[in-house]
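Quick notes on the structure that follows.
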Amino acid sequence: MKIKLINLLFFSYITFSAQTFTHSLSITAKQDGMQALSISPELKSIANTVFNDVRIYDINRTEIPYFLVNESFNYSSVKFKEYEVIDKEVGKGRFTNLTITNPQKKSIQNIVLCTANSDAVKFCNIVGSDDKKQWFSVSDHILLYNLYDEKLVNAYRTLGFPPVNYKFIKIEINDLGTLPLNILKAGYFEGAISAGRINLVEPVIFDYTTNLEKKTSSAIVKFLDKTIINRITFKVKSPNFYKRQAKIIVERSRIVKHQEQYYKETVLDFELNSSENNSFDLSAFREKEFKIEISNEDNPPLVFEKVEFGQLQTYLVADFKKGAKYFLFAGNKKLNQPVYDIDNFKNHITQFVPTLEVSELKQMPVITSEPISVKPKKIWEKPWFMWVCIALASFLLFLFSLRILKDMKK
């Protein structure tokens, strides 16, 4: 009850202050030090692209400095730090086993594999142990796919799992009925919490139609708010062989001679090909609505199994205290970009930064200031009535004075 009262008072202070936010969530820190908050797609849509409208406060209303860590699809091999591999079994039995050591028992929540390019699809399990004798399950049936880089001969892919601190972590890749993968090394990227982690975002409308006269198919895609899209993946059901030109079109507006004009802008040209994986990356793309147009020529339209829209994970990292209560507020468009000292140390962050527990993002109540109703003044309370009375009294006094002067002469 006491905590709820404190939260209520704190929220009231922030809401009625000059800084008006639209959404909020509470944060609980389980340990001291630098910790990361995974930004949900919902919060990412509400906040500005550079998060200048987001602030964190503690229970004493003190602003907490933070910085952002944005995942990337492409990482430099220079920043790749290898784990020590103490056991590697390839092609022996139904599994490829790779065991790494974590001698300091740090919290680990992902492992990046560097593999020779392959378009195979595999499943793997993660198990952990402190003595290499008794093993415990961490995560089962992790899907490994797109294990190739179109520009390089090897690829980096992330295996994500719940945070653990086992001294030994084993990766078991199922090779049943298939040849093993060529795993070159395992490790993590310095300066990254994960590596290319993607969150899927669902549009509220995906309307796919075909125009036989124009020989085109098009999909109208709509989201609730302006949403960042970093990757679009097309999974085609039929036909088996296809090669189609496609583009993403966004409607824009501009002012010409004091009048608003609308026009269409093509933000990406691409090719859908049955020989490719049909995943396309976008940069700085944040829209609420856009159109995907496909040229069919004289071919039947493509039938999609699904179209996926992916968003790279973003983390908010700050220095928290164990057991303390914090609040994140977002949506104040009047704020400027904060300048924090902690931003100078973002390159020192590794995947060992633990993640935080947060509450559900909630919309804050809209505060409306009702105009104060002023009672209309009566006629004798108005200033002009007083001046009229003074002028009338002065005029009567003047007439009375003239009357007295005339009587005195007589």
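Somewhere in the stretch 193-212, is a residue outside any strand (DSSP E or B), of a type in the set (A, V, I, L, M, F, W, C) and surrounded by fewer than 13 Cβ atoms within 10 Å (Cβ to Cβ)? Yes, there is a match, as at least one residue in the stretch 193-212 is outside any strand (DSSP E or B), of a type in the set (A, V, I, L, M, F, W, C) and surrounded by fewer than 13 Cβ atoms within 10 Å (Cβ to Cβ). Annotation note: of Thr216, Thr210, Thr227, the sole residue that is in the same structural domain as Leu268 (by TED's automatic domain parsing), β-branched (Val, Ile, Thr) and closer than 19 Å to Ser279 by Cβ is Thr227. Where strands (runs of 3 or more DSSP E) sit wholly within the stretch 53-130, those with at least 1 residues that are in contact with a Lys or Arg (Cβ under 7 Å, 6 or more places away or on another chain) and closer than 22 Å to Leu147 by Cα occupy 80-82, 95-101, 108-116, 122-129. Pairs meeting the criteria (first residue in the stretch 255-269 and on the phi < 0 side of the Ramachandran plot and modelled with pLDDT under 95, second residue surrounded by fewer than 10 Cβ atoms within 10 Å (Cβ to Cβ) and part of a strand (DSSP E or B), beta carbons under 8 Å, at least 6 apart or on different chains) are Glu260/Ser253; Glu260/Arg254; Gln261/Ser253; Gln261/Arg254; Gln261/Ile255; Tyr262/Ser253; Tyr263/Ser253; Tyr263/Arg254. Applying the condition of being touching a strand residue (DSSP E or B) at 6+ places or on another chain (Cβ under 7 Å) and in contact (Cβ under 8 Å) with a residue 60 or more places away in the chain to the stretch 235-251 and asking which residue is nearest to Asn273 (Cα to Cα) yields Tyr242. Looking only at residues of the stretch 91-141 that are acidic (Asp, Glu) and under 30 Å from the mean Cα position of the chain (by Cα), we find that the one that is nearest to Lys79 (Cα to Cα) is Asp119. Within the stretch 277-331, the set of residues being surrounded by 14 or more Cβ atoms within 10 Å (Cβ to Cβ) and among the acidic types (Asp, Glu) comprises Asp281, Glu287, Glu289, Glu293, Glu308, Asp319.
Yes/no matrix, rows are residues, columns are (1) touching a Phe, Trp or Tyr at 6+ places or on another chain (Cβ under 9 Å); (2) of a type in the set (Lys, Arg):
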residue	(1), (2)
Phe168	yes, no
Asn174	yes, no
Gly177	no, no
Phe189	yes, no
Val201	yes, no
Thr210	no, no
Lys214	no, yes
Ala219	yes, no
Ser253	yes, no
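Considering the stretch 27-40, the residues that are within 17 Å of the chain's Cα centre (by Cα) and surrounded by fewer than 20 Cβ atoms within 10 Å (Cβ to Cβ) include one that is farthest from Leu356 (Cα to Cα), namely Ser40.
If you check Asn48 against the conditions, is it modelled with pLDDT of 90 or more, more than 30 Å from Val127 (Cα to Cα) and under 20 Å from the mean Cα position of the chain (by Cα)? Judged against the criteria, Asn48 is not a match. Screening Thr178 against (1) in a loop (DSSP other than H, G, I, E, B); (2) closer than 22 Å to Phe73 by Cβ; (3) β-branched (Val, Ile, Thr) leaves a single unmet condition, (2).
Taking the numbered list (1) among the aliphatic types (A, V, I, L, M); (2) over 28 Å from the mean Cα position of the chain (by Cα); (3) surrounded by fewer than 13 Cβ atoms within 10 Å (Cβ to Cβ) in turn, Val85 passes all entries but (3). One residue stands out among those in the stretch 132-163 that are of a type in the set (Asp, Glu) and without any contact (Cβ under 8 Å) to a residue 24 or more places away in the chain: the one that is surrounded by the most Cβ atoms within 10 Å (Cβ to Cβ), which is Asp140.
Being hydroxyl-bearing (Ser, Thr, Tyr), over 24 Å from Ser72 (Cα atoms) and assigned to a strand (DSSP E or B) is not true of Ser275.
The values are calculated or read from the model by the stated rules, or taken from the named source; none is laboratory data. All values reported here derive from a predicted model rather than from experimental measurement. Note: ideal-geometry Cβ built from the backbone for every residue, glycine included; neighbour counts use all protein chains shown.
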